[in-house]
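Reviewing the structure listed below.
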Amino acid sequence: MNKTTTVHWHGIFQQHTNDMDGVAFVTQCPIASEKSFLHSFTVDKQAGTFWYHSHFNLQYCEGLRGPLVIYDPHDPYRHLYDVDDVRIVFATLLRSFRRYHVNAYDVAAADNPAGILINGLGRYPGGPNVDLSVITVQQGKRYRFRVINMACKPHILFWIDKHNLTVIEADGQETLPLPVDEMAVYVGQRYSFILEANQPVSNYWIRALPGSYPSNFTDGLNSGILRYEGAPVTDPDYDYWWPNNNLTETDLHPIDTSVTVPGLPYPGGADVSINIVSIMNNDTLLFYMNGVIYESPTIPILLQILSGAVTPSQLAPHGLVYTLPPHKVIELSFPTQFLNTPHPFHLHGQSFWVVRSWNSTVYNYVNPVIRDTVNIGQNTDNVTIRFVTDNAGPWFLHCCMFSLDAINHMQLNCSLAAWQDLCPIYDSLAPSDQ
């Protein structure tokens, strides 16, 4: 693990505080070992399920991550549940025969995890029969669950045996209630759902099946336990229950029906439209976006802007910085003819309308889901999103660890001395201390 670090607040807009977004070499230099940096920002008009994690190299895969929940004192769904203290966090278990956990730098990009961890606990094939994560509920009560995929890989097919899940939130945005019994949760995505503990007192499997490589639930692999009060302290005594009502993104709609999609109701009906074509080289495992591989600049992009020494067209990394006009409607499309596996993309600084979802050819300009992390699909998909440039700063747009930058070039004020000191301290470090 690197000795320096940054911390990003995934899903927090950082309105007027772009310097607090925590992205290495985009909004700041990394924080040196034995040094500190205070993140100071205001969260205005946001509530829901978020998370924090390192945004420097592979540190978040090593475990520098955690949930972040902002409670809404005026939650419109508060009457639908009795308890809101349940979080389900997915991570991946990387292991060798000698060590329980492998250094992320020793794992090849094509390697698959040995198992999925639920709230930090899990099993792997041939491993010990360790305790699984247990969530205890009381029969007759209604619970708000908050699900976060913090894994580096893969997306998760999630369900709780014999229970319905009523989705009410996606990525910090309230949705109209949608009953399902399974959901695909891509890396970086979050959902809230309401579970009614209306089954007989017993133990039920919580399932987290990897969605991008073959796996199973043998001996409690990729599983946790939902335990009703009064049930025996044991694994569930049945094998499999399969869901049949999967979450489809196009069925998610905002709770606020008065909010309209910006721009005109047809493809390209925005002030600026950009196609982002992603290609994965299966031989080198390098990821190209519009023909360019992302490499971090030596000087953070925000610092380049504030210095005034370069024009927007000269900002590094060259070919991956898009300068966007303020207060305009932006449309991004992600054709995926060169991708044979799904990839989630996350946009910093704002949420967006998903006007075309993966596995769909329909454009919705009336009431599409609003979120900040979207699966762009694969093969013939052309996921399309829209947002408005109303938040100044260089904002990262990236697939997991593969990146592109978008800039809304407006007035910025970053006078915090501690922030200004980060780069001189980092640059003075020996390479082994970075």
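The values are calculated or read from the model by the stated rules, or taken from the named source; none is laboratory data. As the structure is a prediction and not an experimental result, all values here were calculated from the model. Backbone-built Cβ (ideal geometry, glycine too); neighbour counts: all protein chains shown. Heads up: the accessible areas ignore ligands, DNA and RNA and are worked out on the full protein's heavy atoms, side chains in. Shrake-Rupley method; radii C 1.70, N 1.55, O 1.52, S 1.80 Å.
Please verify whether Tyr363 is over 24 Å from Gln189 (Cα atoms) and at pLDDT 95 or above, treating the condition exactly as stated. No; evaluated as a whole, the condition is false for this residue. Inclusion of Tyr100 among residues that are at pLDDT below 85 and part of a helix (DSSP H, G or I) is not warranted. How many of the residues making up segment 125-148 are in contact with a Phe, Trp or Tyr (Cβ under 9 Å, 6 or more places away or on another chain) and modelled with pLDDT of 95 or more? So the answer is 13. Determine, yes or no, whether Ile206 is under 17 Å from Asn245 (Cα atoms), out of contact with any Gly (no Cβ under 6 Å at 6 or more places or on another chain), of a type in the set (Val, Ile, Thr) and in a strand (DSSP E or B). So Ile206 fails the test. Listed by first and then second residue, the pairs linking a residue in segment 353-367 that is over 18 Å from Thr341 (Cα atoms) to a residue that is of a type in the set (Lys, Arg) and modelled with pLDDT of 95 or more, with Cβ atoms under 8 Å apart and 6 or more places separating them unless they lie on different chains, are Trp353/Arg386; Val354/Arg371; Val355/Arg386; Val362/Arg356; Tyr363/Arg356; Asn364/Arg356. If you go through segment 216-226 and pick out every residue that is touching a residue at least 12 places away in the same chain (Cβ under 8 Å) and open to solvent by 30 Å² or more (accessible area, probe 1.4 Å), you end up with 2.
Regarding Val187, is this residue touching a residue at least 12 places away in the same chain (Cβ under 8 Å), open to solvent by less than 20 Å² (accessible area, probe 1.4 Å), assigned to a strand (DSSP E or B) and among the β-branched types (Val, Ile, Thr)? In short, no. Filtered by the rule that a residue be open to solvent by 60 Å² or more (accessible area, probe 1.4 Å) and free of Cβ contacts under 8 Å to residues at least 60 places away in the same chain, segment 309-336 gives Ala309, Thr311, Ser313, Gln314, His318. Tallying residues that are assigned to a strand (DSSP E or B) and small (Gly, Ala, Ser) within segment 166-184 yields 2. Which residues, counting only those in segment 47-93, are basic (Lys, Arg) and touching a His at 6+ places or on another chain (Cβ under 6 Å)? Arg65 - this is the single residue of segment 47-93 that is basic (Lys, Arg) and touching a His at 6+ places or on another chain (Cβ under 6 Å). Scanning segment 257-280 for residues that are open to solvent by 50 Å² or more (accessible area, probe 1.4 Å) and either under 17 Å from Phe345 (Cβ atoms) or modelled with pLDDT under 95 (or both) turns up Thr257, Ser258, Val259, Thr260, Ser273, Asn275, Ile279. The condition of being surrounded by fewer than 18 Cβ atoms within 10 Å (Cβ to Cβ) and either out of contact with any strand residue (DSSP E or B) (no Cβ under 9 Å at 6 or more places or on another chain) or among the polar types (S, T, N, Q) (or both) holds for only one of Thr42, Thr49, Thr17, Thr6, that being Thr42. Could you please tell me which pairs satisfy a Cβ distance under 6 Å, a separation of 6+ or placement on different chains, a first residue in segment 275-298 that is in a loop (DSSP other than H, G, I, E, B), and a second residue that is surrounded by 16 or more Cβ atoms within 10 Å (Cβ to Cβ) and not aliphatic (A, V, I, L, M)? Listed pairs, sorted by first residue: Ile276/Phe334; Val277/Pro335; Tyr294/Ser403; Glu295/Pro317; Ser296/Phe25; Pro297/Phe25; Pro297/Pro317.
Please go through segment 337-371 and give me each residue that is open to solvent by less than 30 Å² (accessible area, probe 1.4 Å) and aromatic (Phe, Trp, Tyr), ordered by number. The answer is Phe345, Phe352.
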